[in-house]
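Student: Have a look at the structure that comes next, please.
The values are calculated or read from the model by the stated rules, or taken from the named source; none is laboratory data. Just so you know, these numbers come straight off a predicted model, no measurement behind them. Here Cβ is always computed from backbone atoms with ideal geometry, including for glycine, and neighbour counts include all displayed protein chains.
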Amino acid sequence: MNNAFQFIALDFEQFSSLFNQSEVELQAIGAQRMVVDEKPGFPCRVSLADAEIGETILSLPFTHHDVSSPYRASGPIFVRSNVTTAKPAVDEIPAMFRHRLLSIRAYDAAAMMVGAEVVNGSELKDIIKHLFANVNVNYLHIHNAKPGCYNCCVFRA
């Protein structure tokens, strides 16, 4: 079984028009513009990097598990403006994950959870490979364990 993996960031294009909206338009969809005041603290789901102090970002609700199963889910995410969608190499762990406590959720082809782990980011690679050793695991979701916010998907490479 191949346990190689690939992190998949959210595509910037689905958020780019939001940066031109007014505060009233953003509020209407539950989003808000923020200025970063600490690093780390504002992990971008597009660049898969922590935003820089003084940078303007959006905080918005996002359906990250848009599936027809009991595990359909949404929650808040941060998105930086004018960033390129990250495309990490096979088996690459982006730096923003290394210093966080993470919740890893494993799903099968029917979008049902078949495993879950809480791990320090420094141990993430081993846990991903361990979860993908299960032939029933189709993909993973990585969340920040304490606030529970979604970060990204991980698929078999």
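Student: Residues in the stretch 86-105 that are of a type in the set (Val, Ile, Thr) and farther than 22 Å from residue 148 by Cα: how many? Break it down stepwise before answering.
Tutor: Going residue by residue through the stretch 86-105, those that are of a type in the set (Val, Ile, Thr) are 90, 93, 104.
Among the residues that remain, those that are also farther than 22 Å from residue 148 by Cα are: 90.
Residues meeting the conditions: 1.
Student: In the stretch 103-155, which residues are modelled with pLDDT of 95 or more and of a type in the set (Lys, Arg)?
Tutor: 105, 125, 129
Student: Right, next: Residues of the stretch 62-75 being of a type outside the set (A, V, I, L, M) and surrounded by fewer than 16 Cβ atoms within 10 Å (Cβ to Cβ), which ones?
Tutor: The answer is 63, 66, 68, 69, 70, 71, 72, 74, 75.
Student: Within the stretch 100-157, work out how many residues are farther than 25 Å from residue 76 by Cβ, of a type in the set (Lys, Arg) and free of Cβ contacts under 8 Å to residues at least 60 places away in the same chain.
Tutor: Matching residues across the stretch 100-157 total 1.
Student: I need every pair where a residue in the stretch 55-66 that is on the phi < 0 side of the Ramachandran plot has its Cβ under 6 Å from the Cβ of a residue that is assigned to a loop (DSSP other than H, G, I, E, B) and among the charged types (D, E, K, R), sequence separation at least 6 or different chains.
Tutor: Once the first residue is on the phi < 0 side of the Ramachandran plot and sits in the stretch 55-66, its partners that are assigned to a loop (DSSP other than H, G, I, E, B) and among the charged types (D, E, K, R) give 65/72.
Student: Restricting the search to the stretch 121-142, which residues are out of contact with any Leu (no Cβ under 7 Å at 6 or more places or on another chain) and within 13 Å of residue 106 (Cβ to Cβ)?
Tutor: Let us first name the residues in the stretch 121-142 that are out of contact with any Leu (no Cβ under 7 Å at 6 or more places or on another chain), namely 122-123, 125-127, 129-130, 132-136, 138-139, 141.
If the condition is that a residue be out of contact with any Leu (no Cβ under 7 Å at 6 or more places or on another chain) and within 13 Å of residue 106 (Cβ to Cβ), then 127, 129, 130, 132, 133, 134, 135, 136, 138, 139, 141 are the ones that fit.
Student: Scan the stretch 34-52 and tell me whether some residue there is more than 21 Å from residue 95 (Cα to Cα) and either of a type in the set (Asp, Glu) or within 19 Å of the chain's Cα centre (by Cα) (or both).
Tutor: yes
Student: Which members of the stretch 48-61 meet the condition of being surrounded by fewer than 20 Cβ atoms within 10 Å (Cβ to Cβ) and either of a type in the set (A, V, I, L, M, F, W, C) or part of a loop (DSSP other than H, G, I, E, B) (or both)? Spell out how you get there, then give the answer.
Tutor: Quick first cut of the stretch 48-61, residues surrounded by fewer than 20 Cβ atoms within 10 Å (Cβ to Cβ) only: 49, 52-56, 58-61.
Passing the criteria: 49, 52, 53, 54, 55, 58, 60.
Student: Residues that are surrounded by 20 or more Cβ atoms within 10 Å (Cβ to Cβ) and within 15 Å of the chain's Cα centre (by Cα): list the strands (runs of 3 or more DSSP E) wholly contained in the stretch 79-157 that include at least 1 such residues.
Tutor: Strands (runs of 3 or more DSSP E) meeting the threshold: 101-107, 139-144, 150-156.
Student: If you don't mind, there's one more thing I want to ask. Can you tell me how many residues within the stretch 20-37 are more than 14 Å from residue 76 (Cα to Cα) and surrounded by fewer than 16 Cβ atoms within 10 Å (Cβ to Cβ)?
Tutor: Initially, the stretch 20-37 is screened for residues more than 14 Å from residue 76 (Cα to Cα), giving 20-25, 28, 35-37.
Checking the rest, the ones that are also surrounded by fewer than 16 Cβ atoms within 10 Å (Cβ to Cβ) come to 20-25, 28, 35, 37.
The number of residues fulfilling the criteria is 9.
Student: Output yes when any residue across the stretch 16-31 is among the aliphatic types (A, V, I, L, M), free of Cβ contacts under 8 Å to residues at least 24 places away in the same chain and more than 21 Å from residue 99 (Cα to Cα), and no when none is. Break it down into steps so the answer makes sense when it comes.
Tutor: Just the residues of the stretch 16-31 that are among the aliphatic types (A, V, I, L, M), to begin with: 18, 24, 26, 28-29, 31.
Going one step further and asking which of them are free of Cβ contacts under 8 Å to residues at least 24 places away in the same chain, we end up with 24, 28.
The next check asks that each one be more than 21 Å from residue 99 (Cα to Cα); those that pass are 24, 28.
For the stretch 16-31, residues among the aliphatic types (A, V, I, L, M), free of Cβ contacts under 8 Å to residues at least 24 places away in the same chain and more than 21 Å from residue 99 (Cα to Cα): present.
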